[in-house]
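A quick write-up on the structure given underneath.
What follows draws every value from the coordinates through simple rules; no lab data is involved. Every value quoted in this text rests on a predicted model; they were computed, and no experiment measured them. Neighbour counts run over all protein chains shown; Cβ positions are idealised from the backbone, glycine included.
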Amino acid sequence: MSTLVAPKKEAADSLDNYKNLNDNNKVYQTKELNLWYGSNHALKQINLDIYENEVTAIIGPSGCGKSTYIKALNRMIEMVPSVKTSGEIQYRGRNIFDKRYGVEELRTKVGMVFQKPNPFPKSIYENVVYGPRIHGIRDKKVLNQIVEKSLKGAALWDEVKDRLQDNAYGLSGGQQQRLCIARCLAIEPDVILMDEPTSALDPISTLKVEELVQVLKKEYSIIIVTHNMQQAARISDRTAFFLNGEVVEFAETDKIFSNPTDKRTEDYITGRFG
Amino acid sequence: MNIQQEEKAFSVQELIQQKKSKSKNKLKSEKIVPVILLLTAIVSVLTTIGIVVTLFVETTTFFSHVSIKEFFTAQKWYPFSETQGSYGILPLISGTLKVALIAAVVAVPIGLAVAIFLSEYASDRTRRVIKPILEVLAGVPTIVYGFFALTFVTPVLREMIPSLQIFNALSPGIVIGIMITPMIASLSEDAMSSVPKVMKEGAYALGATKLEVAIKIVIPAAISGIVASIVLAISRAIGETMIVAVAGGSTPNLSFDVTSSIQTMTAYIVQVSQGDAGYGTTIYYSIYAVGFTLFIFTLFMNMLAQFISKRFREEY
């Protein structure tokens with residue numbers, strides 16, 4: 001439980017392939033995680049490691065626990081009143097279920113993008129500065145820089161730079177989702193969780209978000225839940241296949257899609273069920 | 001199995017046709033019901049128009065006795081003085097506004113605090129206990145509140161402020177505040193609970209605390225409902241009659257003093273209606289003028305509420 005906060009960039013540079021990865025490159029280590037909604041056992045003995053500066057995709061049929069898992073990673077799952085957990089999820093070496101671990105502190109490090117775009121009913125500018133503001137950044141100049149940088153980071157700047165004071169709900173669905181990504185980038189998190197971020201978007205917006213994910217992974221570790229297997233294959237480095245609350249298989253994406261070990265993974269990927 | 005097969009022998013379309021031919025009356029009722037509904041709507045509209053017209057006509061008669069200028073600028077309200085009666089409504093307005101203001105000062109912070117607690121912090125169980133209690137508080141007859149003000153709140157306040165008169169603005173103001181608190185709490189809570197959960201999650205995911213989510217996301221998103229509830233509650237405070245009639249006294253005076261006896265517009269109307277003045281006298285007509293002023297006040301408040309809620313609405 002000592003601090004294992006790795007010097008992020010250097011560690012990534014010195015590693016060329018996955019085989020050399022050690023604990024320092026693991027952002028998350030999930031150990032024997034079980035989760036219940038009331039009496040419903042939703043996650044069973046999950047063991048899963050998330051590596052930094054990678055895109056980890058989580059696939060599986062509806063109700064398999066993939067959204068539950070990703071929401072456990074920033075403890076958003078606790079907003080459901082009847083949730084109980086056992087086991088641990090270590091984020092950078094610290095168990096996030098530890099009573100002393102402030103949930104706000106965790107969520108400041110771990111950003112989240114939701115299934116449906118959920119901008120605040122405020123101006124585009126206000127949406128982006130919300131995060132920095134609640135964490136105490138008030139300097140106008142700094143905030144302006146954050147807005148520009150975040151919107152550029154989310155590939156939205158050129159489309160909205162002339163109307164930053166307009167209401168965010170005037171944007172298209174795809175733009176709203178990229179605004180939500182910009183809002184998330186504004187506090188420069190370590191990890192970005194994406195819960196089916198493109199399921200409410202049209203194909204072109206989806207493509208834009210996918211391209212964005214490829215760029216963002218240079219600086220952030222990304223975990224993405226998706227229904228779309230082609231999407232997982234296109235954008236992720238590793239893929240975890242969930243079924244009935246269990247991790248059936250977790251491996252490099254190439255391997256999962258070309259040569260899965262488990263029969264059930266193969267069936268799902270080839271479209272025989274799910 | 002047999003039963004199922006037998007039932008299958010019927011065609012559902014046939015059954016529908018049979019029912020249809022039997023119920024020709026249905027068509028009639030489809031035509032009659034809207035007419036009945038329209039009539040009831042007309043009744044309530046006509047009643048409103050009737051009230052306004054009566055008020056207006058009688059008020060016009062009053063202004064043939066007393067000039068409009070005197071009514072709005074004179075600083076004394078002495079309708080019962082036979083030799084030098086003075087009809088300046090300002091003292092009554094000041095009494096009303098003092099009470100409404102005190103009520104708002106009590107009710108707005110408490111009501112909003114309760115609403116935030118109920119919508120953002122309270123567990124389902126706590127909410128299920130507290131909300132009905134609030135609604136009971138809202139259902140207490142106002143005469144009971146009046147006696148509560150006179151026999152409990154006033155003596156307690158006099159312990160703290162010895163110069164307080166038995167009849168004053170402070171005590172009924174506070175008690176009206178208590179009375180309208182549930183209204184603000186309940187309506188604001190409704191507005192705040194209807195803020196989409198995904199929006200709150202967006203803020204929580206950025207590391208916001210509950211308080212930050214409540215103040216910077218939920219309240220702004222629900223502001224139109226909250227403002228509407230406050231204005232509605234203040235309208236109610238302005239129109240409140242029994243509490244001020246019982247505990248406020250009957251001395252109209254134009255001042256900012258809340259410790260001495262006052263009279264509000266509503267309390268004056270009660271006083272005259274109880275039979276102190278004969279039909280056709282100036283005093284008799286004066287209650288219409290006062291009532292009309294009161295009507296203008298609440299109308300203005302409602303328009304204000306609509307304006308504010310439109311102006312500050314955050315569209316989502």
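The mean number of partner chain beta-carbon atoms within 10 angstrom of a residue's beta-carbon across peptide B:192-205 is 5.
Mean partner shielding of peptide A:76-86, defined as the number of other chain Cβ atoms within 10 Å of each residue Cβ, is 1.
Highest mean packing comes first when the peptides A:257-265, A:190-198 are listed by Cβ atoms within 10 Å, giving A:190-198, A:257-265. Less than 15 Å Cβ to Cβ from residue A:163, Lys/Arg counted +1 and Asp/Glu -1: what total charge do the surrounding residues give? Result for the neighbourhood of residue A:163: -3. For the protein assembly as shown, just say rounded, prolate or oblate: build the C-alpha gyration tensor, square-root its eigenvalues into a ≥ b ≥ c, call rounded for a/c under 1.5, and beyond that prolate if a/b exceeds b/c, oblate if not. Judged from the Cα gyration tensor, the protein assembly as shown comes out prolate (a/c at least 1.5, a/b above b/c).
Of B:44, B:146, A:165, which is farthest along the charge dipole of the protein assembly as shown in the positive direction, counting Lys and Arg as +1 and Asp and Glu as -1 at C-beta? Toward the positive end, the furthest listed residue is B:44. The residues packed around residue A:43, meaning those with a beta-carbon under 12 Å from its beta-carbon, carry a net charge of +2 if Lys and Arg are +1 and Asp and Glu are -1. Shown here: region A:83-224, whose C-alpha atoms stretch 48, 38, 29 Å along the first, second and third principal axes, sorted largest to smallest. Measure out, as a whole number of angstrom, how far apart the alpha-carbon centroids of region B:235-292 and region B:58-94 sit. Region B:235-292 and region B:58-94 have Cα centres spaced 13 Å from each other.
Think of the protein assembly as shown as a dipole: +1 on every Lys or Arg Cβ, -1 on every Asp or Glu Cβ, centred on the Cα centre; then among B:211, A:150, A:81, A:81 lies furthest on the positive end. Note on chain A: helix-only mean residue ellipticity at 222 nm, from DSSP H runs of 4+ residues weighted -39500 (n - 2.57) and normalised by residue number, equals -10000 deg cm²/dmol.
Relative protection proxy for A:139-149, B:39-49, from highest mean packing down: A:139-149, B:39-49 (other beta-carbon atoms within 10 angstrom). Restricting to the protein assembly as shown, compute how many DSSP beta bridges are antiparallel as a %, nearest 5. Here the antiparallel bridges make up roughly 60 percent for the protein assembly as shown. Rounded to the nearest 20, the Cβ-based charge dipole of region B:28-159 about its Cα centre (Lys and Arg +1, Asp and Glu -1) stands at 300 debye. Enclosing the Cα atoms of chain A in their convex hull gives a volume equal to 138 cubic angstrom per residue. Grab the beta carbon distance between residue A:44 and residue A:152, set R0 = 35 Å, and tell me the FRET efficiency rounded to 0.05. Computed FRET efficiency for residue A:44 and residue A:152 comes out at 0.25.
Taking the Cα atoms of chain B, the ratio Rg/Rh between the radius of gyration and the Kirkwood radius comes to 1.15.
Coordinate range of the alpha-carbon atoms in region B:128-231 per principal axis, descending: 55, 27, 25 Å. Where does chain B land at 222 nm, in deg cm²/dmol rounded to the nearest 500, when only DSSP H runs of n ≥ 4 count, each adding -39500 (n - 2.57), divided by all residues? Calculated mean residue ellipticity at 222 nm is -23000 deg cm²/dmol.
Checked against a 27 Å cut-off, the cross-linked pairs A:44/B:200; A:84/A:122; A:161/B:197; A:255/B:200; A:217/A:255 give Cα-Cα distances beyond that limit for A:44/B:200; A:84/A:122; A:161/B:197; A:255/B:200.
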